[in-house]
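Undergrad: Here it is: the structure, laid out below.
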Amino acid sequence: MAVDHLPGNKYLSIRMERLSASDHRPPARLIGVLGSLADPTRLRLLTLLERQELGVVDLCQALRLPQSTVSRHLKILSDEGWLASRREGTAHLYRLDDALEAGARKLWRLARAETEGWATLAQDAARLARRVAARRDEADAFFAGAAGEWEKLRAAAYGVAFASEALLALLPRDVVLADLGCGTGDLAARIAPYVGRVLAVDRSPAMLKAARRRVARLSNVELHRADLESLPFPDATCDAALLVLALSYAPEPERVLAEAARVVRPDGTLVLVDVVRHDDDEFRRRMGQASMGFDPPALATSLARAGFQVDRCEPLPPEDGAWGPVLVLARATRARAPGSAAP
């Protein structure tokens with residue numbers, strides 16, 4: 001198809017003259033940019049590449065043109081600055097460059113307006129949509145066969161850490177978090193990159209020594225030696241607090257929960273994980289714990305008594321291979337004082 005046959009072309013030369021007159025770039029550069037659009041195939045390519053990033057094979061099928069023709073026109077458009085590209089495996093992917101020069105952007109808006117209603121573009125879009133749908137069908141067929149083994153296959157291909165990373169990324173960046181009973185600093189180190197500050201507390205010098213090595217490169221982690229019944233922080237210091245496998249080591253669990261409530265701001269969150277009440281005294285002594293765990297309803301009552309509104313308090317499903325007692329997870333919100341206004 002010749003350029004003269006494009007819709008609205010009788011006005012195009014007039015508008016190009018106006019564009020040329022108002023553009024202060026060197027004439028050779030302007031002529032190159034104008035010339036690069038003076039072909040129906042290149043207009044068709046740019047229309048598709050404005051919408052999405054595509055490879056040569058996709059474009060060949062959409063335009064029903066041989067690869068040599070499509071590649072030749074892509075090179076012209078790339079040389080004149082219309083396209084950005086990147087390599088993916090053995091393929092090159094192209095898209096309309098987001099950083100087009102102002103003059104080129106004006107020219108493209110003009111060309112797009114003048115080709116509106118061109119039936120060839122609608123055909124190109126329909127063929128591309130069919131190709132995209134076919135790729136989606138391929139993915140659906142893969143998952144239909146892989147659903148039973150998907151988690152194992154995904155873990156083998158990508159590992160398992162990405163799931164935790166994705167969940168941690170949901171945290172607000174300015175959160176101040178207390179890790180109460182931080183032990184060797186594993187949780188503090190994992191969560192620190194996602195929050196504003198971590199206040200990690202433990203009473204064991206040996207544990208804190210290990211934690212200090214683990215968090216040495218994390219400037220937003222503070223380590224404190226203290227009893228959980230007497231935290232070294234002012235009231236309402238923290239937005240959230242963790243008590244993970246720590247409460248069962250406390251001789252006075254209720255005092256620990258009261259201190260957690262004191263340092264967590266109103267509407268802040270406490271997440272607690274510990275062992276469900278059991279009768280395995282050998283396990284308790286082997287782990288050095290002070291208690292035999294916690295009955296979930298009784299734990300919820302203790303949290304409420306300390307000043308928390310309990311959102312969740314229930315046993316977790318036991319993990320394969322774990323030989324210890326079942327764990328309980330509690331999530332609670334620090335209650336506001338009666339009559340106080342929300343922030």
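The values are calculated or read from the model by the stated rules, or taken from the named source; none is laboratory data. Computed from a prediction, not measured in an experiment: that's the story for all the values here. Ideal geometry is used to build each Cβ from the backbone, glycine not excepted, and the neighbour counts take in all protein chains shown.
Undergrad: Quick check on residue 38: is it in a loop (DSSP other than H, G, I, E, B), touching a residue at least 24 places away in the same chain (Cβ under 8 Å) and over 20 Å from residue 134 (Cα atoms)?
TA: Yes: the conditions hold for residue 38.
Undergrad: Does residue 93 meet the test of being among the aliphatic types (A, V, I, L, M), in a helix (DSSP H, G or I) and buried (at least 16 other Cβ atoms within 10 Å of the Cβ)?
TA: no
Undergrad: If you scan the stretch 287-324, which residues turn out to be farther than 20 Å from residue 261 by Cα and among the hydroxyl-bearing types (Ser, Thr, Tyr)?
TA: 291
Undergrad: Another one. Please go through the stretch 165-189 and give me each residue that is in contact with a Lys or Arg (Cβ under 8 Å, 6 or more places away or on another chain) and either on the phi > 0 side of the Ramachandran plot or not assigned by TED's automatic domain parsing to the domain that holds residue 246 (or both), ordered by number.
TA: Hit for the stretch 165-189 is 185, nothing else.
Undergrad: For the stretch 117-174, list the helices (runs of 4 or more DSSP H) that sit wholly inside it and hold at least 2 residues that are surrounded by 10 or more Cβ atoms within 10 Å (Cβ to Cβ) and modelled with pLDDT of 90 or more; which are they?
TA: Because the criterion is at least 2 residues that are surrounded by 10 or more Cβ atoms within 10 Å (Cβ to Cβ) and modelled with pLDDT of 90 or more, the helices (runs of 4 or more DSSP H) in the stretch 117-174 that meet it are 119-146.
Undergrad: Among the residues of the stretch 263-296, count how many are farther than 22 Å from residue 204 by Cα, part of a helix (DSSP H, G or I) and in contact (Cβ under 8 Å) with a residue 40 or more places away in the chain.
TA: Residues in the stretch 263-296 being farther than 22 Å from residue 204 by Cα, part of a helix (DSSP H, G or I) and in contact (Cβ under 8 Å) with a residue 40 or more places away in the chain: 0 in total.
Undergrad: With the requirement that a residue be surrounded by 15 or more Cβ atoms within 10 Å (Cβ to Cβ) and not aliphatic (A, V, I, L, M), what does the stretch 207-219 give you?
TA: Selection gives 214 alone.
Undergrad: Step by step: first the residues of the stretch 261-292, then only those that are closer than 30 Å to residue 235 by Cβ and among the small types (Gly, Ala, Ser), then the one that is surrounded by the fewest Cβ atoms within 10 Å (Cβ to Cβ). Which residue is that?
TA: It comes out as 290.
Undergrad: Of the residues 202, 235, only one is more than 26 Å from the chain's Cα centre (by Cα), acidic (Asp, Glu) and surrounded by 20 or more Cβ atoms within 10 Å (Cβ to Cβ); which?
TA: 202
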